[in-house]
Amino acid sequence: QVQLVESGGGLVQAGGSLRLSCAASGIIFRFATMAWYRQAPGKQRDLVATITSGGSTSYGDSVKGRFTISRDNAKNIVSLQMSSLKPEDTAVYYCALLATGRAPYWGQGTQVTVSS
C-alpha cells in the first residue's frame with residue numbers, strides 16, 4: 001500500500017530555514033505527481049507546492065521565491081526547502097501523492113513552527 005512518511009519539521013526563528021523530506025513507498029515513484037500541503041490551526045489545508053513526474057513545479061503565491069520543491073527518484077523522496085520563514089508559515093505540513101480520479105494519499109504530517 002502507499003505510504004508517505006514526512007520528516008524535518010521543527011521550531012525555527014523567523015528568517016530561518018528548514019528542509020522537509022517525504023519518503024514514499026508502495027508506488028512507482030518516478031511516475032507520481034507529488035505535493036506539499038499545509039494546514040494551520042482552524043484553517044483549511046492549502047496547497048504549498050507540486051512537482052510532476054517530469055520535474056515541473058508550481059507554488060502557492062504565499063511561498064513563491066522562498067520555498068523550493070524537489071524530488072530524488074532514485075531514493076523515492078520529495079523534499080521542500082523552506083527559506084525566509086515567517087510566523088504565518090507555521091502549520092502542519094503534509095506530503096501528498098496526487099492521483100488522477102481519486103483523493104490524494106496523505107502522509108501523517110510534520111509540525112513547522114516559526115517564532116517571531
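The values are calculated or read from the model by the stated rules, or taken from the named source; none is laboratory data. Everything numeric here is computed off the predicted structure, so don't read it as measured data. Methodologically, a virtual Cβ is constructed for each residue, glycine included, from the backbone with ideal geometry; neighbour enumeration extends over all protein chains shown. Surface accessibility is based on the protein's heavy atoms, side chains included, excluding ligands, DNA and RNA. Shrake-Rupley method; radii C 1.70, N 1.55, O 1.52, S 1.80 Å.
The table that follows gives values for the structure above.
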| quantity | calculated |
| --- | --- |
| Search result, residues across the stretch 19-75 that are among the basic types (K, R) and within 17 Å of G109 (Cβ to Cβ) | R19, R38, K43, R45 |
| When residues of the stretch 91-103 are limited to those that are modelled with pLDDT under 95 and either polar (S, T, N, Q) or under 23 Å from P41 (Cα atoms) (or both), the one most open to solvent (accessible area, probe 1.4 Å) | T100 |
| Enumeration of residues in the stretch 1-17 that are within 17 Å of L85 (Cα to Cα), open to solvent by 30 Å² or more (accessible area, probe 1.4 Å) and either more than 11 Å from the chain's Cα centre (by Cα) or aliphatic (A, V, I, L, M) (or both) | L11, Q13, A14, G15, S17 |
| In the stretch 1-40, the residues that are among the polar types (S, T, N, Q) and in a loop (DSSP other than H, G, I, E, B) | Q1, S17 |
| The stretch 53-90, residues that are open to solvent by less than 50 Å² (accessible area, probe 1.4 Å), without any contact (Cβ under 8 Å) to a residue 60 or more places away in the chain and part of a loop (DSSP other than H, G, I, E, B) | G55, G60, V63, R66, N76, T90 |
| Matching residues in the stretch 38-52 - criterion: being open to solvent by 40 Å² or more (accessible area, probe 1.4 Å) and closer than 13 Å to V78 by Cα | T52 |
| Condition broken by R30, with the remaining ones in (1) at pLDDT 95 or above; (2) under 20 Å from Q3 (Cβ atoms) satisfied | (1) |
| Any chance Q108 is out of contact with any strand residue (DSSP E or B) (no Cβ under 6 Å at 6 or more places or on another chain), more than 16 Å from L47 (Cβ to Cβ) and open to solvent by 40 Å² or more (accessible area, probe 1.4 Å) | yes |
| Pairs with Cβ under 7 Å, 6+ apart, first in the stretch 15-29 and among the charged types (D, E, K, R), second in a loop (DSSP other than H, G, I, E, B) and surrounded by fewer than 17 Cβ atoms within 10 Å (Cβ to Cβ) | R19/G8 |
| Residues satisfying the stated conditions in the stretch 57-95, i.e. among the polar types (S, T, N, Q) and in contact with a Leu (Cβ under 9 Å, 6 or more places away or on another chain) | S58, T68, S70, S79, Q81, S83 |
